[in-house]
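Q: Let me begin by handing over the structure; questions about it come next.
Read-outs: derived from the displayed coordinates by stated rules, not from any lab. This structure is a prediction, so every number in the text was calculated from the model and none was measured. Note that we place each Cβ from the backbone using ideal geometry, even for glycine, and neighbour counts take in every protein chain shown.
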Amino acid sequence: MKLSDIMGAAGLASWAEIGLVVSFITFAAIVLYVFVIRSRASYEDARHLPLDDDPEIPS
Amino acid sequence: MNVQIERFSYDDAIVRRFTLVTFVWGVVGMLVGLLVALQLAAPVFNFPPLPWLTFGRLRPLHTNAVIFAFAGNAVFAGVYYSLQRLLKTPMFSKTLSNLHFWGWQLIIVAAAVTLPLGITQGKEYAELQWPIDIAIAVVWIVFAVNFFGTIARRRERHLYVAIWFYIATIVTITVLHVFNNLVVPAGLFRSYPIYAGVQDAFMQWWYGHNAVGFLLTTPFLGIMYYFMPKAANRPVFSYRLSIIHFWTLVFIYIWAGPHHLHYTALPAWASTLGMLFSVMLWMPSWGGMLNGLLTLRGAWHKVATDPVLKFFVVAVTFYGMSTFEGPLLSVRSVNLLSHYTDWTIAHVHSGALGWVGFLVFGMIYWLLPRLYQTPLWSPKLAEAHFWLGTIGILLYIVSIYAAGLTQGLMWLAFDEEGYLAYADFVETTMRLIPMYWVRVIGGAAYLVGALLLGVNMLMTWRARPRPLAVEVHEAPALARAYTDRPEPISPLVTSGTHVANLAYTLDRFFRTTWHRRWERLPLLFTVMVAVAVIVASLFEIIPTFLIKSNVPTIASVAPYTPLELAGRDIYLSEGCYNCHSQMVRPLRAETERYGEYSKPGEFVYDHPFQWGSRRIGPDLHRVGGKYPDLWHVRHMDDPRAITPGSIMPAYPSLLTTPLDLESIPVVMRAHQTLGVPYTDDDIVGGTDAALAQAATIAEAIVTQGGPEGLADKKIIALTAYLQRLGTDITRPEPVAAEEETGETPADAVADPQETSGDGAS
């Protein structure tokens, strides 16, 4: 018996649909976390990271 | 606590080098692009009889040069500059940086030599042969070690969002490159993918689509998130949106690949899934675009005067446009019209010229004064570059959108009597020529703009102070132990109400201090990205590979003869797939034009698949037996003598170059390893069998009034292959087939028979 026979009999046709649902739940959870649960203030430091390094260009 | 202040300098020499080669390879890639654009407008630019300048060989050179050389080096320049500064540390190892730089340039040179020579794997954007693929993997690992080593030595705890995008790039490209390039070599310059037909197509577009996603999108988004705030001198509009942008993109993108295969022999569930996820991509993409544009709020007046911001604004706008259009094209009914036409080419170029190109140019103009410690030589010239480039893009895409729509509508059109309105394919080609000339003008304008960048680079470099100052920075070392900021006190505690313990736990969970920790842990973060990418890929790939009913086998489909196999190698090597598909879609307009639609079971011996993605010329899947052998000989020798108006390159050298007979057993052995049922006797007698078949075909050509002495020439093998294409389903089934049903072969597909010739799994 080949691996493909076993997998073919395993009824994995709904595999992708499960994936879709799992992905959607993950997506919803991330949105919920970022926008509802965590406060705006916690992002302020991170936002300014690129700006607190270099000297200005010579002119 | 005693805080140790450390002093350090950034390595900008490596950034200067990557910036320079970005420009150099960019010009090379665009120049080749201009040449292939000319070849489509006027086939004389294929310069027959030189075989190495034909469209089929140069088009892969163009795509590889602009993707891996221009965009690739630009990514490295951007990463090396921003990573050091975001982490307040120099790169992990200068040696690794240099190895990375020189290794990558050597790979590009190897590509530039092998592709015109016709050394190719025959898969779009994955043409480079296996020794180069291994070199790519090694250099990529060098880059990854250097990158993660730098993260390990950082002096800034938090990884800024740009770095997340870089991590996603490194992880995903590794996975894609390895799995799409699993091949069995047959010598140094030849190899065959372990996948065949449907599976190979599936892997290829999983790779092809995600290469766009993770080499031309995520790293450039990282660059956008760093350089755009720098140029505008204000923080990114919404850090929250950038997190959503990141995770949704990483998670969703990986699924979208099969939308490249609508109406093909790929099972419909797979392409539908690809379509659904593509439509979902609208959200993160537009979130990211708006985040970029809104970063400029309050700074819009600067856009009028600053060429850097001009480039960035147009780049991000094109990102929005192409990520709107991509999902649109993935919708099955739109794809029906757009697939195989120039519409796709216009879409790709609005992304490549607009988004990638302009973002790179903006970044380089921003970097030049900082890398050479002197003001930009001429902002006016940069301004001129911007306008030339913008006009160039518009000329290119408007004309090619028009060409795509024209082509698509003409292919599908029927007249009042129900016949194809444009039955002769070349009619649809000739209609496009004026638009192809407009593209040449647009492309030339874009290239001239890029050359102006070169002038500015040279002059800015010349004005640099000598020696360049090495700036010393200071930052405290990252403490080994890190104490989080105190958690905000829960209202549950302060209010004095009495609640169950579970409520405290839940409250703490939703306050997600744990997640803030997690953002500072690069290893865990990287693992999460890898899991997201790999899990999503497996969800899609496993069913295609293992569920048997996906590829019904067809009893009469047999392996290629040795001569046909040699002919197929010539087909691959000449890059015929760049212009011809081998996939008749189940649409009346196509079955009328080409013949019976293609079945998944017909491709089980195709290593690699050759379905193609574009029809500059007609589909070839049912070309077998359509014309006499002599027709193919004459057509290859001079296409316009047979089909006036054809834009196919002439291949007179195929009629004079001897066929490589020695490699036939080697190639057959490689195919045997891959599961193609050649016996050892078949392989031993391979060369003789090829010679015998070649003699028969050569004789037929002479009988039909053609030239003599072709029996040992390449043209004979190619003719044998073309005459075989798509004929298996009309052949009688082998006698050994156990069930004798009297079905037509087409019925046999609907009710597949189990045969031993299952090379698909």
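Q: Using only helices, what value at 222 nm comes out for chain B when you add -39,500 (n - 2.57) per DSSP H run of length 4 or more and divide by the total residues, to the nearest 500 deg cm²/dmol?
A: -19000 deg cm²/dmol
Q: Measure nothing but the geometry: give the 0 to 90° angle between the long axis through the Cα atoms of B:358-372 and the longest principal axis through the Cα atoms of chain B, rounded to 10°.
A: That works out to roughly 50 degrees.
Q: Please compute, for peptide B:238-245, the average count of beta-carbon atoms on other protein chains lying within 10 Å of each residue's beta-carbon.
A: Across B:238-245, the average partner-chain Cβ count within 10 Å equals 6.
Q: May I pose another question? In debye, nearest 20, what is the charge dipole magnitude of the protein assembly as shown about its Cα centre with +1 on Lys and Arg Cβ and -1 on Asp and Glu Cβ, if you could check?
A: 4440 debye
Q: I've got another one for you. Out of every Cα pair in chain B, what percent are spaced more than 40 Å from each other?
A: Beyond 40 Å sits 38 percent of the P(r) for chain B.
Q: Now for a separate question. At most 10 other Cβ atoms within 10 Å and a DSSP loop assignment: could you name the chymotrypsin sites (Phe, Trp or Tyr not before Pro) in the stretch B:229-324 that fit?
A: Counting only loop positions with at most 10 other Cβ atoms within 10 Å, none of the chymotrypsin sites (Phe, Trp or Tyr not before Pro) in the stretch B:229-324 qualifies.
Q: Applying a 10 Å radius around every beta-carbon, put B:94-104, B:612-622 in order of their mean neighbour count, most first.
A: Ranking the peptides B:94-104, B:612-622 by packing returns B:612-622, B:94-104.
Q: While we're looking at this one, here's another question. What are the ³J(HN,Hα) couplings of the stretch B:229-237, residue after residue, when phi is run through the Karplus curve with 6.51, -1.76, 1.60 and θ = phi - 60°? Round to Hz, x for glycine and proline.
A: Values per residue, Gly and Pro as x: x, 4, 5, 7, 6, 8, x, 4, 3 Hz.
Q: Hey, can you grab everything whose amide H is under 5 Å from the amide H of B:GLU6? Only 5+ residues off in sequence or another chain; H modelled, so Pro and N-termini drop out.
A: B:ALA475, B:ALA477
Q: For the Cα atoms of chain B, what angle does the longest principal axis make with the long axis of helix B:379-412, in degrees from 0 to 90, nearest 10?
A: 40 degrees
Q: Okay, next question. Could you grab the relative contact order for chain B? Cα pairs under 8 Å, six or more apart, rounded to a whole percent.
A: 17 percent
Q: OK, next. What residues qualify as long-range amide H neighbours of B:LYS713, i.e. H under 5 Å apart, gap of 5 or more or another chain, H built at 1.01 Å from N?
A: The answer is B:LEU659.
Q: Please list the non-local residues whose amide H lies under 5 Å from the amide H of B:PHE414, H modeled 1.01 Å from N, same-chain partners needing a gap of 5 or more.
A: HN-HN under 5 Å from B:PHE414: B:ALA421.
Q: DSSP loop GluC sites (Glu not before Pro) in the stretch B:361-441 with at most 13 other Cβ atoms within 10 Å of their Cβ, which ones?
A: B:GLU416, B:GLU417
Q: Roughly how many whole Å is it from the C-alpha centroid of the stretch B:134-187 to that of the stretch B:47-62?
A: Spelled out, the Cα-based centre of one part sits 32 Å from the other.
Q: So which of B:LYS599/B:LYS713; B:LYS94/B:LYS310; B:LYS599/B:LYS626; B:LYS123/B:LYS599; B:LYS626/B:LYS714 end up more than 28 Å apart by C-alpha?
A: Violating the 28 Å Cα-Cα cut-off are B:LYS599/B:LYS713; B:LYS94/B:LYS310.
Q: Roughly how far apart, in whole Å, are the Cα centres of the stretch B:66-120 and the stretch B:694-708?
A: If we compute the Cα centre of each part, the gap is 51 Å.
Q: If you don't mind, another one. Could you quote the convex hull projected area for the stretch B:548-618, Cα atoms only and averaged over all directions, in nm²?
A: 5.6 nm²
Q: Here's another thing I want to ask about it. Applying the Karplus parametrisation 6.51 cos²θ - 1.76 cosθ + 1.60 with θ = phi - 60° to the phi angles of the stretch B:168-177, what ³J(HN,Hα) value in whole Hz is obtained for each residue in order, glycine and proline being reported as x?
A: Each residue's phi maps through the Karplus curve to give 4, 4, 4, 5, 6, 4, 4, 4, 5, 4 Hz.
Q: Tabulate in residue order the Karplus-calculated ³J(HN,Hα) for the stretch B:554-571, using 6.51 cos²θ - 1.76 cosθ + 1.60 with θ = phi - 60°, rounded to whole Hz; enter x for Gly and Pro.
A: Per-residue couplings from phi come out as 10, 4, 7, 7, 10, x, 5, 6, x, 5, 5, 4, 5, x, 5, 4, 5, 4 Hz.
Q: How far, in degrees from 0 to 90, does helix B:13-41 lean away from the longest principal axis of the Cα atoms of chain B, to the nearest 10?
A: With both axes taken from Cα atoms, the answer is about 30 degrees.
Q: Right, next: Taking every residue in A:33-40, how many Cβ atoms of other protein chains lie within 10 Å of its Cβ, on average?
A: 5
Q: Would you please name the trypsin sites (Lys or Arg not before Pro) within the stretch B:217-325 that are DSSP coil residues with at most 11 other C-beta atoms within 10 Å of their C-beta?
A: Those that pass, being in a loop and sparsely packed, are B:ARG297.
Q: Shifting gears a bit: If you build the convex hull over the alpha carbons only and average its shadow over all orientations, what do you get for the protein assembly as shown? Give it in nm² to one decimal.
A: 39.9 nm²
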